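J.: First, the structure itself, so that you have it in front of you.
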Amino acid sequence: MPHSAAQINLAGTWQLQGAPLPAPIDIEIPGDVYSALIKAQIAPHPYWGRNELAWLKFAKECWTIRRSFELSQELASNSLAYLSIYAIDTCAALLINGQPVHENRSMFIPLLCNVAPYLRRGANQLEVQFESAELYAAARAARHPYPVPTSQFPVQSSHRNFVRKVQCHAGWDWGPALMTAGLYGQVVIDFNRALAIEQCSALPTLRGSQGEVQLMLQLFCQQPGSYSLQLRLGERQQQRTLQLEAGRHTLQESISIDNPQLWWPAGYGSQPRYQLTCEIAGNLRSWPLAFRHLKLESREDRYGSLFQPIINGMAILSRGANWIPTDALPAAQSAARSYHLLDSAVAANMNMLRVWGGGQYEPNWFYEYCDSIGLMIWQDCMFSCSLYPADSSFLSLVQQEVECQLLRLRHHPSIVLWCGNNENVGALGWYEESQRARDRYIVDYDRLNEGVIGTTVRRVDPSRPFWPSSPCNGIDDYSDNWHDDSRGDMHYWSVWHEGKSFEAYREVIPRFCSEFGFQSLPSLKSIASYADPHDWNPTSPVMEHHQRHPRGNSIILETISRYFRFPKDLPNIIYLSQLQQALAIQWAVEYWRAHRERCAGMLYWQLNEVWPGASWSSIEHNGDWKLLHYAARRFYAPLHIAGYVEEAPRGADRQQHIILYSELLEETECQVELRWYSAAGRLLEKRDFSRRLQPRTAVEVEELAPAQLRDLQPILFMHLWSLQRPQLCAKNILLYEAPKRYALAKVNIEVALATMTGKAEGASGISIRLSATQPALYVALAYQKSWSGFSDNLLHLLPGEERQINYPMPPEHLVTPEQFRSELEIFDLASSGL
């Protein structure tokens, strides 16, 4: 948190001007141009219907924003006045009182410049003139001596790879093309007479039992003299006097404490942090940081080559998802939305998120929150699915970008890996141009990724590993890692893109799977946010517009027909699409967790969305959990049970596997219950036994179904719980055939509702009790008026079993049980088909 002797905050209402506007309109800064146009009703919201297409013309426009501010004689007389802007998006010229101050070409390089010579007493004006990033990129591409191709999407802005802007602003296969412009984060002027801190970056390290923080300080001194530098780390304080001449000074300082508590990922320990402060001449910098040992184990072993994060000497099983920007409109992004998503990740037993390379380096508060809740961050640099130019001006811009982002972020314990890009190694073989002249593009790739990004990472932050690309097999290896599961990290997309069955997840055991996913349709509530009821059909123009994968809906419907009886209506199409998405990811995770000695991590694609529509996300744009996220809370749980059937040659018995998983840190005595039921609800067999699970293991048990069940279609209900900690329990089922092959009897699910009242958060709402007289499979609840989420969802009911689910609601919005029931929908497998 920066603080100086005096500061003017320039956030607030500015004026926006552009050719499409008959007169200037208001724009809120921090914020973006398109959000201002929406608020002023210049064009209808781009998320509704197919309105996005009407916004494509705005990508070619230039915009100007300006605001006036007053300066007193005292402030105007300061010789140091630093204008600080977190992000300028993107191609822009800054003027103060009509005089050019700065020309911007990257939204990933924060602005910090001394503007004192341009200021005056009384009225001042700051103006930002935005050039069209789309036209700038096209002009750069036209001047380049040879083509540099990039991925193509249904709706897009071309040549995004030539401009250092959020790459998915140009469109993706899950989001719109909205090439907006704006100023984001803080916009302030800090005033000082004598000395200013231009840069202050901390790098915590551990040396034996001592925690040391190395600080890089860049100071600009206007008045030579003696200055007192004060450092504080926790309870430790130190001070020294600096004799500074006029000009810029770069200092290396350090401060240490003995025996600091160690920071751990979620589920493996606590997240203690220490406050660091640095103060000189009225300038204060302060932030929390932490200490932990970090290593990426990549040695050769009998399976190939490891890819294993080691934290404080412990091999961590990384479980999580991929993170993209929380909204396509930057003004709609907020800390509250991010915190909800991050809390939801931890609630689903995740311990790692990958900040994907086609998005953005997130704000400071994002990483601070991850530090506080124990979420490890795999941080991509912002390059994705493309070839990139490697001319000197572009490389210089990238070098500045990477250096300033690392200096800003390197003190965060949550960041455990810097990665050069997303899928750019694969992109070398995607295009006709690079196939014909591969050497040229490999040289460009190497100049950018190793010559600039890798070199800068190793110089600025030697405390963390650098991984060249995701996926890849390691340094200087350009081979295919979409299909090689023996080394490095893998993106496994054969089930979605190649149309393989879910069983294909059991054909590979990645060393670390950093992308795999399956799409679903959004909830009806989400669909209603962008489509009229007459368009509520998967093949309507509006629904297809919000499905950006060219074959997306076809794959979803084809997979439904592969595994399920065809659904009877749209709500059940949605239900089965989300169910099969959950099952696809569950099949992969349970199998790979069963081989944790080989597979060290799994991050599904993707956690969140940039707009409402069909996607691979587990959380919808409005913040609601899809069925996948409820399933993730189970299959990522520290204590879990699962089963699968291995196919066998005709006439041979299929092999049944039942796996017990423990990611607990202590040995655990567990009780296991196995119940085989017929589709009609008759109990066929049961087995009860106990098992002692060692810490961080996955073990197979040998209690299998008796021989007389082999010719039936039983349903295995599994229940596991810890005898020492009964709150740690797991439930699961195993179907021996595809769900559509079961002749399931229609189930009458009894529903009893009651009002919960209380003053504590989450204490008021509706209590839902469910029961059934026959097995009810994959029971899912949906509520059309969202205030929060269900305490549980996507569950199975045994005959005579009662399950309670709570739906918290704010006291001021609490409805009666009767009102709630009128908006509540209950789905189950037997009732979903025609």
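J.: Using only the alpha carbons, work out the radius of gyration and Dmax of segment 443-539 in angstrom.
T.: Final numbers for Rg and Dmax: 19.7, 58 Å.
J.: Using only Cα atoms, what Kirkwood radius does the chain have, in angstroms? Working shown, then result.
T.: Values: mean 1/r = 0.0346 Å⁻¹.
Every distinct Cα pair counted, the radius reaches 28.9 Å.
J.: What trypsin sites (Lys or Arg not before Pro) does segment 292-352 have in DSSP loop regions with at most 12 other beta carbons within 10 Å? Intermediate values should be presented prior to the final figure.
T.: Values: sites: Arg292, Lys295, Arg299, Arg302, Arg319, Arg337; in loops: Arg292, Arg299, Arg302.
In loop regions of segment 292-352 (DSSP not H, G, I, E or B), the sparsely surrounded trypsin sites (Lys or Arg not before Pro) are Arg299, Arg302.
J.: Same structure again: Using a cut-off of 12 Å between alpha-carbon atoms, which aspartates and glutamates can reach Lys500, once sequence neighbours fewer than 8 places away in the same chain are excluded?
T.: Glu558
J.: Which cross-chain or sequence-distant (5 or more) residues have an amide H under 5 Å from the amide H of Arg354, H modelled 1.01 Å from N in plane?
T.: Counting only residues 5 or more places away or on other chains, the set is Ala321, Asn322, Trp323, Trp378.
J.: Going Cα to Cα from Lys785, which lysines come in below 27 Å? Please leave out same-chain ones fewer than 8 positions away.
T.: Here the lysines satisfying the reach criterion relative to Lys785 are Lys39, Lys525, Lys568, Lys626, Lys759.
J.: When ligands, DNA and RNA are left out and all protein chains stay put, how many square angstrom of accessible area per residue does the chain have with a 1.4 Å probe?
T.: That works out to 38 Å² per residue.
J.: When the accessible area of the chain is split by element with a 1.4 Å probe, what percent falls to carbon and sulfur?
T.: Whole-percent figure for carbon plus sulfur exposure: 49.
J.: Write out the chymotrypsin sites (Phe, Trp or Tyr not before Pro) in segment 473-515 meeting two conditions: DSSP loop, and at most 10 other Cβ atoms within 10 Å of their Cβ.
T.: none
J.: With a/c under 1.5 counting as rounded, go ahead and sort segment 595-748 into rounded, prolate or oblate using the C-alpha gyration tensor (a ≥ b ≥ c being the square roots of the eigenvalues; past the cut-off, prolate if a/b is larger than b/c, else oblate).
T.: oblate
J.: A further question on this structure: Can you compute the equivalent ellipsoid semi-axes for segment 94-149, i.e. the square root of 5 times each eigenvalue of the Cα gyration tensor, sorted largest first and rounded to whole Å?
T.: 32, 11, 9
J.: Would you calculate the volume per residue, in Å³, of the smallest convex hull containing every Cα atom of segment 568-612?
T.: Given the Cα convex hull of segment 568-612, per-residue volume reads 62 Å³.
J.: If contacts are Cα pairs under 8 angstrom and at least 6 residues apart, what is the relative contact order of segment 1-65 in percent?
T.: Contact order relative to length: 31 percent.
J.: Given Cα pairs under 8 Å that are at least 6 residues apart, what percent is the relative contact order of the chain?
T.: Relative contact order, the chain: 9 percent.
J.: DSSP loop trypsin sites (Lys or Arg not before Pro) in segment 664-705 with at most 13 other Cβ atoms within 10 Å of their Cβ, which ones? Intermediate values should be presented prior to the final figure.
T.: Working: sites: Arg675, Arg682, Lys686, Arg687, Arg691, Arg692, Arg696; in loops: Arg682, Arg696.
Qualifying residues, ordered by number: Arg682.
J.: Less than 17 Å apart at the alpha-carbon level, and either on another chain or at least 8 residues along: which aspartates and glutamates does that give for Lys57?
T.: Cross-link targets: Asp32, Glu131, Glu134.
J.: Give, as a single signed number, the net charge of other residues whose beta carbon lies under 13 Å from the beta carbon of Ala332, with Lys and Arg counted +1 and Asp and Glu -1.
T.: Values: positive: Lys39, Arg337; negative: Glu28, Asp32, Asp327, Glu609.
It works out to a net charge of -2.
J.: In whole Hz, what ³J(HN,Hα) sequence does segment 10-27 give by Karplus (6.51, -1.76, 1.60; θ = phi - 60°), x for Gly and Pro?
T.: Couplings: 9, 5, x, 8, 10, 10, 10, 9, x, 4, x, 9, x, 8, x, 10, 6, 9 Hz.
The values are calculated or read from the model by the stated rules, or taken from the named source; none is laboratory data. Here the structure is a predicted model, which means the values were calculated and not measured. Please note: Cβ atoms are built from the backbone with ideal geometry, for glycine as well, and neighbour counts cover all protein chains shown. Ligands, DNA and RNA are excluded from the accessible area calculation, which covers all protein heavy atoms including side chains. Shrake-Rupley method; radii C 1.70, N 1.55, O 1.52, S 1.80 Å.
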